[in-house]
1. Taking 25 Å as R0, compute the FRET efficiency from the Cβ-Cβ separation of ASP58 and GLU107 and round it to 0.05.
2. Where in the stretch 64-93 does the label zone of SER20 land, with the point 7 angstrom along Cα→C-beta and an amide N cut-off under 18 Å?
3. Which order do the peptides 74-84, 7-17 take when ranked by the mean count of other beta-carbon atoms within 10 Å per residue, highest first?
4. Could you run the Karplus curve 6.51 cos²θ - 1.76 cosθ + 1.60 with θ = phi - 60° over the stretch 61-76 and give me ³J(HN,Hα) per residue in whole Hz, x for Gly and Pro?
5. For the pair HIS5 and PHE75, what calculated FRET efficiency results from E = 1/(1 + (r/R0)^6), where r is the Cβ-Cβ distance and R0 = 22 Å, to the nearest 0.05?
6. Amide H of ASP97 versus every other amide H placed in the peptide plane: which residues, excluding those fewer than 5 positions away on the same chain, fall under 5 Å?
7. Taking neighbour counts of Cβ atoms within 10 Å as a proxy for exposure, in what order, fewest first, do PHE34, PHE96 appear?
8. Spelling out what I want: for every residue of the stretch 44-60, take phi, set θ = phi - 60°, compute 6.51 cos²θ - 1.76 cosθ + 1.60 (Karplus), and round to whole Hz; glycine and proline get x.
Amino acid sequence: MPQGHRPDRVGEQIRDEISSLLARGAVHDPGIGFITLTRVKVSPDLQVARVFYTSLGDEKARKETAKALQRAMPFLRRRIGGALNLRRVPELEFRFDESIQHQDRIEQILRELHDEEAQRAADHSDLDDPEHK
């Protein structure tokens, strides 16, 4: 029997609950810096929830945030279990969301291409200018 949109709904509920817990300061781990939960992908059988996040800082800060999220996982899972009406609380997997960095890189490339095209158009219009002949 197909699950329809239930994994998506459960994922949104998990994202909302974890975001709320982090925003309220319920997780007392200083290693969890400023993070943003971008999405939660729940398996069709609702057994695993991959929580994608982004954070500020360099690679070292990113690794510290990942370790802190691992330490906080049992607490977060218990709180999710209490908040959501599920038979079994999904296992949480925290993953850094690389898609935001890829998107920024694509936008940078597109800006560079646009600037090049504008420069070529400006150079071409200078050649067509009758004063240059």
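None of the figures in this text is laboratory data; all of them are computed from the coordinates on show. All values reported here derive from a predicted model rather than from experimental measurement. A quick note on method: Cβ atoms are made from the backbone with ideal geometry, for glycine too, and the neighbour counts reach across all protein chains shown.
1. Efficiency computed from Cβ-Cβ geometry: 0.75.
2. Of the residues in the stretch 64-93, 75-87, 89-90 have backbone N under 18 Å from the label point off SER20.
3. Packing proxy ranking, top to bottom: 7-17, 74-84.
4. 5, 4, 5, 5, 5, 4, 5, 5, 5, 4, 5, 7, 4, x, 4, 4
5. Efficiency at R0 = 22 Å is approximately 0.20.
6. Correct list: TYR53, THR54.
7. Ordered from fewest to most neighbouring Cβ atoms within 10 Å, PHE34, PHE96 come out as PHE34, PHE96.
8. Computed from phi, the couplings for the stretch 44-60 are x, 8, 6, 8, 10, 10, 8, 9, 9, 9, 10, 8, 8, x, 8, 4, 5 Hz.
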